[in-house]
Amino acid sequence: MRNLIVLAFAITGLVCKSASQELPPCKEVKQVKIDTDQRKKKILSDYIDYCVKKEWKNDKGIVMLREFRNELGQDCWLLIPSIDDSYKDNPPERFATFEGDIILIFSADSMQNVIPAKGDKNRLNQCLEQITGDRVYTRPTIKGRWADSLRPITNKKITQGAHRMVGGNGGTLLIVFNADGTYKKLLPV
């Protein structure tokens, strides 16, 4: 009998411990379920696989998802890979998890225009820091680049260090959901 009581307490402790691990670390940002059907699970799985292979570096990476309706009234997702905390400029009020990865969900009225969150920006960012953990790099606070060179021929002082831009869409993917349950994958311009 004593062993049964000890076993019951041990099981209760495990159940309580696992249930507490499933709760988000804060309440300011709401956790939602986004992989609600097989096609969405496939889209997210394929996209995260792509991000792991091509976009995410040094065990850093999250997905930023913009939900909106296009001009035809179709539901759309704009999936954007990220390895930094740029989400803090306009933090979302929702997030999802998918197979251990974090997806920040932004409401938008178009592909380019995110609707600002209604909550307190500082509290949202504090919560999101707990959710993203060490999955993203912190952007530097210094916004310039020092230089000590002169331009060839003109001998004018270079006022900023070199910038290097790479073309392409940076791994962004647009998903358009059709009314018949199908979807299209597009590369946004």
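Evaluated against (1) at pLDDT below 95; (2) under 18 Å from the mean Cα position of the chain (by Cα), residue 31 falls short on exactly one condition, (1).
Close contacts from segment 136-155, counting a first residue that is at negative phi and open to solvent by less than 100 Å² (accessible area, probe 1.4 Å) and a second that is modelled with pLDDT under 70 and among the small types (Gly, Ala, Ser), with Cβ to Cβ under 7 Å and a gap of 6+ residues or different chains, come to 147/161. Scanning segment 46-61 for residues that are in a helix (DSSP H, G or I) and either under 20 Å from residue 138 (Cα atoms) or of a type in the set (A, V, I, L, M, F, W, C) (or both) yields 48, 51, 52, 55. Which members of segment 32-60 meet the condition of being open to solvent by 50 Å² or more (accessible area, probe 1.4 Å), more than 25 Å from residue 181 (Cα to Cα) and of a type outside the set (Asp, Glu)? Correct list: 52, 53, 54, 57, 58.
The residues of segment 45-56 that are out of contact with any strand residue (DSSP E or B) (no Cβ under 6 Å at 6 or more places or on another chain) and closer than 18 Å to residue 104 by Cα, listed by number, are 45, 46, 49, 50, 52, 56.
Among the residues making up segment 68-99, those that are assigned to a strand (DSSP E or B) and surrounded by fewer than 17 Cβ atoms within 10 Å (Cβ to Cβ) are 69, 75, 84, 97. Considering segment 100-135, and only residues there that are hydrophobic (A, V, I, L, M, F, W, C) and in a helix (DSSP H, G or I), the residue that is surrounded by the fewest Cβ atoms within 10 Å (Cβ to Cβ) turns out to be 131. Within segment 90-102, residues that are over 20 Å from residue 114 (Cβ atoms) have Cβ atoms under 6 Å from residues that are surrounded by fewer than 18 Cβ atoms within 10 Å (Cβ to Cβ) in these pairs: 98/35, counting only partners at least 6 apart in sequence or on another chain. I'd like the residue in segment 160-181 that is surrounded by 10 or more Cβ atoms within 10 Å (Cβ to Cβ) and over 22 Å from the mean Cα position of the chain (by Cα) and, out of all such residues, is modelled with the lowest pLDDT. It comes out as 161.
The values are calculated or read from the model by the stated rules, or taken from the named source; none is laboratory data. Just so you know, these numbers come straight off a predicted model, no measurement behind them. Counting neighbours? That spans all protein chains shown, and the Cβs are built from the backbone with ideal geometry, glycine included. Calculation scope for accessible area: heavy atoms of the full protein, side chains included, ligands and nucleic acids excluded. Shrake-Rupley method; radii C 1.70, N 1.55, O 1.52, S 1.80 Å.
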